[in-house]
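What follows is one structure encoded as structure tokens, with my remarks underneath.
The values are calculated or read from the model by the stated rules, or taken from the named source; none is laboratory data. Nothing here was measured: the structure is a model prediction, and the numbers come from that model. All Cβ positions, glycine included, derive from the backbone under ideal geometry; neighbour counts span all protein chains shown. Surface accessibility is based on the protein's heavy atoms, side chains included, excluding ligands, DNA and RNA. Shrake-Rupley method; radii C 1.70, N 1.55, O 1.52, S 1.80 Å.
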There are 2 protein chains.
Amino acid sequence: MPRAKEVLTITTPPGEDAEDIGEIRDIVGFHLRLAHGAVYRHFTETFTDLGLTQKQVSVLWLVDDHPGIAQTGLSQRMRMDRATTMAIVNRLEARDLLARGPSPTDGRKQTLNLTEAGKAMLATAKEAIRAHEDWLKSRYTPREVAVLIELLTRLHE
Amino acid sequence: MPRAKEVLTITTPPGEDAEDIGEIRDIVGFHLRLAHGAVYRHFTETFTDLGLTQKQVSVLWLVDDHPGIAQTGLSQRMRMDRATTMAIVNRLEARDLLARGPSPTDGRKQTLNLTEAGKAMLATAKEAIRAHEDWLKSRYTPREVAVLIELLTRLHE
DNA sequence: TATTGTTATACTCTATAACTATA
DNA sequence: TATAGTTATAGAGTATAACAATA
């Protein structure tokens, strides 16, 4: 009796149609969306006073970590479109938290740097982030936090 | 020598200021946002032809699972505001995928049900979801998928 | 030709506030 | 009073397309 060369075995739950994709609670994307939404809402509440969004804080943080970074560099690190990056940088520049400047090496590029107000805002924001992350991590052991970050990283790397 | 009653020990990495929150790559929310964005983009690409968003598919699916559900019931399951739910239901109703009806028991409520076109669309959407989830799950072992869902669920439950 | 920044445009999501009808 | 739906409004994120300047 010849053996089948099994590359992958898919088990169909008993009593369920093989064509059925299953239940919505088994969809990873569904949970990812709900989890993101919950964290987004808590973030927004935490940051009402500062008036900053997740994206805006991320941009301030990344510019602080990489002074003089160009908008395309920011786009790559944030996995955003150029136009989307523009919109966010525009808002931060309008609030005088971030400044555009010319690139000494490439006339097409802009250099981005935090203003003094931007640095102060980032410091305050990091305090709020700490509280926000504590709220988030309170559900997990340190080991679980590490696992969660590992698994999430595989989705965006 | 008295022992300290340690509830939680927080270890500060050597050479790092205790006031420093750390690096952005250690922030769970940062990875969650990037992961969500990556999955969102792949979802959008997968669903360009159908012209459905994540939220819209979730609503169709939930209405199919719970025929006659009210908009507030939908709001709770999707963790959305009433007004946000309205906007999404409006779009689906305008495309004749979903129908509003009166509630037999409560004059304030609306019942929601899929139209025939809505049921057909959902069936097609589920096929696309299957491909989308396969892409997503290809990074993980079945065990890791279960862990990821477990950890994400703790964030939105 | 390719890259970078820019502008214009459009759609979706999200939430708040205020209003109406019903319980 | 509280709940459900509705409407209006506003801000933010997302992407596409087209354009100008530079490499």
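For this structure, a couple of remarks:
- Accessible-area composition of chain A, carbon plus sulfur, in percent [1.4 Å probe]: 52 percent
- Measuring r between the beta carbons of A:Asp20 and A:His42 and using R0 = 25 Å, the FRET efficiency lands at 0.10.
- Estimated FRET transfer efficiency (A:Gln110, A:Val147; beta-carbon r; R0 35 Å; 0.05): 0.35
- Per residue value of the accessible surface for the protein assembly as shown (all protein chains in place, 1.4 Å probe), Å²: 58 Å²
- Dipole check for the protein assembly as shown: with +1 at the C-beta of Lys and Arg, -1 at the C-beta of Asp and Glu, and the Cα centre as origin, the magnitude is about 360 Debye.
- Label 7 Å beyond Cα on the Cβ vector: A:Ala131 copy-to-copy distances, nm: 4.6
- Distance from the range B:110-139 to the range A:72-142 (C-alpha centre basis), Å: 36 Å
- Across the range B:41-132, C-alpha contacts under 8 Å between residues 6 or more apart give a mean separation that, scaled by the residue count, equals a relative contact order of 33 percent.
- Chain A, relative contact order [Cα under 8 Å, separation at least 6], %: 19 percent
- Signed unit charges on C-beta, dipole axis of chain B, positive-most listed residue B:Met121, B:Gly51, B:Val147: B:Met121
- Interface A:B - total buried accessible surface [probe 1.4 Å, Å², rounded to 100]: 4900 Å²
- Of B:Ser75, B:Gly107, B:Val63, farthest towards positive along the dipole that unit charges on Lys, Arg, Asp, Glu beta carbons give the range B:53-142: B:Ser75
- Of all lysines in the structure, the ones whose alpha carbon falls short of 23 Å from that of B:Lys137, not counting any fewer than 8 places away in one chain, are A:Lys5, B:Lys55, B:Lys126.
- Considering only A:Pro142, A:Pro102, A:Pro67, the mean-square fluctuation computed in a Gaussian network model of chain A, springs between alpha carbons under 10 angstrom, is largest for A:Pro142.
- Nearest-to-axis residue in chain B, judged by Cβ distance to the rotation axis that brings B onto A and given in whole Å, is B:His36, 2.
- Solvent-accessible area lost in complex, 50 Å² minimum, residues of the range B:118-157 relative to chain alone, 1.4 Å: B:Arg130, B:Glu133, B:Arg139, B:Tyr140, B:Leu148, B:Ile149, B:Leu151, B:Leu152, B:Arg154, B:Leu155, B:His156
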